[in-house]
1. Under a Cβ-Cβ cut-off of 11 Å, what is the net charge of the residues other than residue 54 that fall near it, where Lys and Arg count +1 and Asp and Glu count -1?
2. Taking every pair of alpha-carbon atoms in segment 64-181, what share in percent sits in each 5 Å bin, from 0 to the bin with the longest distance?
3. Please give every one of the lysines within straight-line cross-link reach of residue 130, meaning a C-alpha to C-alpha distance under 25 Å, and leave out same-chain neighbours fewer than 8 residues apart.
4. Among 191, 139, 166, which residue has its Cα positioned farthest towards the positive end of the charge dipole of segment 129-201, with +1 placed on the Cβ of Lys and Arg, -1 on the Cβ of Asp and Glu, and the dipole taken about the Cα centre?
5. Using Cα centres only, tell me the gap between segment 47-77 and segment 173-193 in whole Å.
6. Points 7 angstrom from Cα along the Cβ direction at residue 311 and residue 84: gap in nanometres?
7. By per-residue mean of other Cβ atoms within 10 Å, what is the highest-first order of 63-76, 277-290?
8. What is the packing order of peptides 292-301, 199-208, 39-48, taking the mean over residues of other C-beta atoms within 10 Å and listing the highest first?
Amino acid sequence: MRHQFTTAALVFNILLTAGVVPANAEATARAEENARRSLTTALGERTLPILSRSSVRTPEAALSVLTDSIKKLDQSFSVDRATREAQRGRLLVSTNDWRLTIFGDGSAAEFVNLTASSKAHENRLEPGRKMSPEALQAAGRDFIARYLMNTIVLGPAERLEPELTSTRLEGGVAADGTSSYSAVVANRIVFTREIDGIPVVGAGSKVTITFLNDGSIESFRYDWPQYVSTDRTQATVDISEVLNRVSRTVGLRAQTLQRDGDQSTLPPEQSRRGKTTLQRLACGYYDPGIMARDPDAPVQTGCYYHLVETRGEGEFVTKAARSGAVPAGQRVEIDPRWPEAARMLGLDGSAAPDATVRPVPPRERQ
């Protein structure tokens with residue numbers, strides 16, 4: 001029977017670039033535990049060192065190192081006849097078979113094997129036969145150890161930990177509409193960095209690897225600056241203050257923000273007008289990633305939030321989601337490209353902190 005196929009590949013990669021979790025992603029047990037702890041206590045009241053970040057090598061040097069790494073995967077790989085294009089904030093090197101992008105200061109890059117991607121359909125599997133999280137983690141660690149050992153370098157007290165796994169599905173419907181089809185064509189794992197047990201939240205400090213069902217590499221992407229402790233420290237706030245900051249960021253009173261799983265304390269009339277639920281909170285060192293960060297800004301504590309706004313009742317319900325990150329330090333360091341931090345410090349042209357309640361403007365896309 002002939003089917004008309006569609007694939008989630010495009011959406012899969014758009015979500016990755018935006019730092020958003022695909023709908024079928026599964027958080028690891030370690031990531032779930034951090035989220036549960038964050039919703040309950042945030043980082044607790046402790047004192048942590050403030051970090052600075054640096055790039056280990058220039059974009060050209062990063063290109064050279066990655067060329068050597070990819071040659072270990074495919075001895076025929078060469079950049080000699082590739083097209084080179086310097087775009088805004090990135091160096092793009094490509095052929096008809098692959099694409100290699102070096103971002104910003106050289107601390108982030110992405111490689112996509114276009115030839116392998118075009119053949120993903122040939123090795124499709126039933127959803128029940130997808131790679132297990134354990135197999136994905138083992139394959140990912142092995143790939144990093146073999147091919148990215150000179151790039152994904154861990155500093156003192158740093159660990160590489162799996163954070164998310166997901167699959168890419170392709171599906172279709174028979175031309176006569178009598179049957180449907182769904183199959184797994186790729187498997188993805190995301191690793192993050194922990195520093196003295198504190199995870200890095202946000203899009204920075206991530207390594208993402210996509211495997212096809214035959215075990216070959218379709219793509220990998222990393223954002224991996226070097227972190228160095230400074231002589232400054234930062235005391236963190238408790239969970240009540242974190243919730244206050246999230247509330248002020250989205251223009252709410254603290255009492256109207258409900259944590260996922262909490263019994264609602266809102267009166268029925270207010271619930272009908274709308275309620276906001278904090279579904280997930282992940283606290284740690286905050287790094288927004290190469291596309292959003294100021295490389296000269298300090299790396300400080302923060303909490304990444306995801307909340308859902310619900311209006312109406314019964315059959316007439318609308319929902320909207322938003323996410324962002326609020327600082328978790330008692331004394332917030334200056335970071336002009338972190339909107340919530342700039343808002344708290346009054347650096348965005350607004351009134352002094354806490355003088356008014358106003359939502360933070362969305363991040364500027366690059």
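The values are calculated or read from the model by the stated rules, or taken from the named source; none is laboratory data. Here the structure is a predicted model, which means the values were calculated and not measured. As a convention, Cβ positions derive from the backbone with ideal geometry for all residues, glycine included, and neighbour counts pool all protein chains shown. We work out accessible area using only protein heavy atoms, side chains counted, and drop any ligands, DNA or RNA first. Shrake-Rupley method; radii C 1.70, N 1.55, O 1.52, S 1.80 Å.
1. Net charge around residue 54: 0.
2. Distribution as computed: 2, 8, 14, 17, 18, 15, 12, 7, 4, 2, 1, 0, 0 percent.
3. Cα-Cα hits under 25 Å: 119, 206.
4. 139
5. 32
6. Placing both labels 7 Å beyond Cα along the Cβ direction yields 5.3 nm.
7. 277-290, 63-76
8. 199-208, 292-301, 39-48
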